Amino acid sequence: MTIFYILLAFMIIAAIIAVETTDLLSSVICIGAIGFGASLMFLFLRAPDIAITQIVVEVLGLIILIRATIARDLTFISGDREFFGVVVSVVIVFVIFLAGVHVFETLPDFGTPAFAQTPGTASRTYIEKGLENTGAANIVASVILDYRAYDTLGEATVLFTSIIGATVILRDRARKLLEDPE
Amino acid sequence: MPYALCLLLFMIGLYCAVVKKNMVKIVIGIMVMEYAVNLFLIMLGYRMGGVAPVVDRSHLGPAAENLAAGFISSSVDPLPQALVLTAIVISLGSLALMISICIRIYQRYGTFDITEIRRLRG
Amino acid sequence: MKGMTVIVKTIASWVKVLIFLFGIYIILFGHLTPGGGFAGGVILASSYVLLMLSFGREFVEENLPLPLASKLDCVGAFLFGLIAVLGLVFGGTFFLNFLYQKYLPGQPLHLISAGTIPLSNIAIGLKVGASLFLVILSLSVCCKGRPCGPSTRERQE
């Protein structure tokens, strides 16, 4: 249990540095530290699938973020918005935090999964019957590609659409066509 | 208690996305929020002293396809892991879209500062 | 995007093959060990990004140009939809695991088991890998060489 607290404290300190520093490159490196801490956390929470995916996705995300920040002239930013807006935002965020902590007391204790223990729920069925219904030894793979394959179809669609959007926004030819007849 | 620390991480990301002026800082705040939510979902399914939901040869019961009772009573919940797996890959796609919008805005207006973009009428 | 020094290029050309092979392993054994289509696809994309960072963008664009990556992306998505529709044709429900339940059960914990799950993993891995490579190639094509400032149309106004 103490390893969880150590990793969470590491992630919170890295998040505070990422938010408050004025140099953009330091913020991006702290995002890398948060992602690495999250991947270690997933490994200790017994989710090896998620740990592998998180570390490789975070490496590619760092490459995309660095591509956007260090090739520009402006890497120093000049502070926050006006004072009244900052105070109202901080108060609202603090109120949401207190409400969330109050809601979390109704959740079961950390370490007792409520859905995997009561028989008849979906998680319990996936664990008990996963191997004989689908034949896959990795139960998470059988959940995402056999029991809940619609979610994977939706995810493929969302990824497809966002990549097409990013490619179309970054296209160069449209601007040249607009400039030539002028 | 770990849930409260996870919520604190989410609040730090929310503060950054709402208060800061630089566009890349707003994107960084959204990323921190995504990490916090994925972490919270996996923490919901954790079992103390549990085992990863991958079946090994030692977990098989007497018949070829029945599982030993030890595995069923000590494995963690596989359902939140399946949901978070797609969420992590979608967050990479949305990060690519957000950064491409930031690059185009920088080429059009010459700055990353959102208060100055509001003042210019392009 | 320019390349790097000779040491980086030599090592990158050896390591890229190992990373590509590791990505294929993670995709193919996704139903037996942790991993699956998503993680394997991202590893495949990152092997090509390693080539792009060390050799320069033009070298990679000759071997895997933007239209070909876009077509591979569409082929992956189409294969995934085809497997789903074949479940409807052979079994009666959309996304039915028809190979496991009717034709080819296989043995548990072997490579040939779990029906259409390895095929779906291959389709998803191809799609995710081609998509992410496409987006990083587009991000590097956007500004050729010098840092991007405001466009020339803005400066003339």
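Quick notes on this structure:
- The single condition among (1) in contact with a Gly (Cβ under 7 Å, 6 or more places away or on another chain); (2) at pLDDT 90 or above; (3) of a type in the set (Val, Ile, Thr) that B:VAL37 does not meet is (1).
- Residues that are in a loop (DSSP other than H, G, I, E, B) and among the charged types (D, E, K, R), drawn from segment A:43-70: A:ARG46
Table: residues versus (1) touching a residue at least 40 places away in the same chain (Cβ under 8 Å); (2) over 28 Å from A:THR21 (Cβ atoms); (3) more than 7 Å from chain A (Cβ to nearest Cβ); (4) crowded, with 16+ Cβ neighbours inside 10 Å.
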{"position": "B:LEU5", "(1), (2), (3), (4)": "no, no, no, yes"}
{"position": "B:ILE12", "(1), (2), (3), (4)": "no, no, no, yes"}
{"position": "B:MET23", "(1), (2), (3), (4)": "yes, no, yes, yes"}
{"position": "B:GLY50", "(1), (2), (3), (4)": "no, yes, no, yes"}
{"position": "B:GLY93", "(1), (2), (3), (4)": "no, no, no, yes"}
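- Helices (runs of 4 or more DSSP H) wholly inside segment A:91-181 containing at least 3 residues that are more than 9 Å from chain B (Cβ to nearest Cβ) and within 30 Å of B:ALA96 (Cα to Cα): A:149-169, A:173-179
- Test: residue in segment C:6-14 that is surrounded by 13 or more Cβ atoms within 10 Å (Cβ to Cβ) and in contact with a Leu (Cβ under 7 Å, 6 or more places away or on another chain): yes
- Within segment B:8-34, considering residues that are in contact with a strand residue (DSSP E or B) (Cβ under 9 Å, 6 or more places away or on another chain) and at pLDDT 90 or above, the one farthest from A:PHE42 (Cα to Cα): B:ILE26
- Looking only at residues of segment C:121-157 that are closer than 21 Å to B:ILE101 by Cα, among the polar types (S, T, N, Q) and modelled with pLDDT under 90, we find that the one that is surrounded by the most Cβ atoms within 10 Å (Cβ to Cβ) is C:SER138.
- Residue among B:THR111, B:THR86, B:THR115 that is under 28 Å from A:GLY165 (Cα atoms) and not in a helix (DSSP H, G or I): B:THR111
- Taking segment A:5-26 as the range and being within 10 Å of another protein chain (Cβ to nearest Cβ) and modelled with pLDDT of 90 or more as the test, the residues that pass are A:TYR5, A:LEU7, A:LEU8, A:ALA9, A:MET11, A:ILE12, A:ALA14, A:ALA15, A:ILE16, A:ALA18, A:VAL19.
- Of the residues making up segment C:92-110, none is among the aliphatic types (A, V, I, L, M), farther than 30 Å from A:ILE66 by Cα and at pLDDT 85 or above.
- Every residue from segment A:1-42 that is surrounded by fewer than 15 Cβ atoms within 10 Å (Cβ to Cβ) and not in a helix (DSSP H, G or I): A:MET1, A:THR22, A:ASP23
The values are calculated or read from the model by the stated rules, or taken from the named source; none is laboratory data. Remember, predicted model here, so these are calculated numbers, not experimental data. Backbone-built Cβ (ideal geometry, glycine too); neighbour counts: all protein chains shown.
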